[in-house]
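One structure is given here, and the rest of the page talks about it.
The values are calculated or read from the model by the stated rules, or taken from the named source; none is laboratory data. Just so it is clear, the structure is predicted and the values come from calculations on it, not from any experiment. Please note that ligands, DNA and RNA were not included when accessible areas were found on the heavy atoms of the full protein model with its side chains. Shrake-Rupley method; radii C 1.70, N 1.55, O 1.52, S 1.80 Å.
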Amino acid sequence: MNLELLNHVSAFIWQEADMLDHGDFDAWLNLWTEKGTYIIPIDPNETDFENTLNYAYDDHHMRQLRVQRLIGGESISTSPRARTVRALSRFRVLGEEDGVVTVRCAQNLREFRKDVLKHYTADITFQLKREGEGFKIQRKLIQLINSTDTLAGIGYIL
C-alpha cells in the first residue's frame, strides 16, 4: 500500500468537498479536466452511463450550467441555497494506469434547507489525473445507496 499516494488523494478529495460545502464553485470548476464527467446514476448496477438515464451526467459545459443555476437562483430547488456538510471516509486507492489514479471513498452528506435536515450516503469513485504535483478530476461517480428511491430535488452538487 502506498500511504503517500493515499494521503495525497485523500487531501485532494477533502479539499473538493470543502469547496462544495462553502460555495467556492469557481475553484471547484477548476479542479476538473476539460473532458471530465460528473455522474450520478439511478441504477446502482449500471456501468454504461452514457446510454442510460442518470440523475446527472455532466461534462464541462453542464457543470458550468449547474453552478450558474446554483448561484443564480434560477431554480426553485436552489432557493434558498442549502447548507451542507460532507464527511468523507474509507478511502481506498483501487489502482493507477496511465497517470490516472482511481480512488473509492464513502460520503455522508447532511443538507439543511427550509427547516429540514436531509442525509445522503454514497460510494464515490474518483478518477484523478495527475497534473504536475497535484490532480484534476477526470471522473466523479456518485452512487447513492438509495438511488432507486424517489429523491426530492437536490439543489446542490453532491
- Message: I want to confirm something. Restricting to the range 119-137 and keeping residues that are assigned to a strand (DSSP E or B) and open to solvent by 60 Å² or more (accessible area, probe 1.4 Å), which single residue is modelled with the lowest pLDDT?
- Response: His119
- Note on the structure: Counting only strands (runs of 3 or more DSSP E) entirely within the range 1-109, those with at least 3 residues that are of a type outside the set (Phe, Trp, Tyr) and either over 22 Å from Asp149 (Cα atoms) or open to solvent by 50 Å² or more (accessible area, probe 1.4 Å) (or both) are 32-41, 83-97
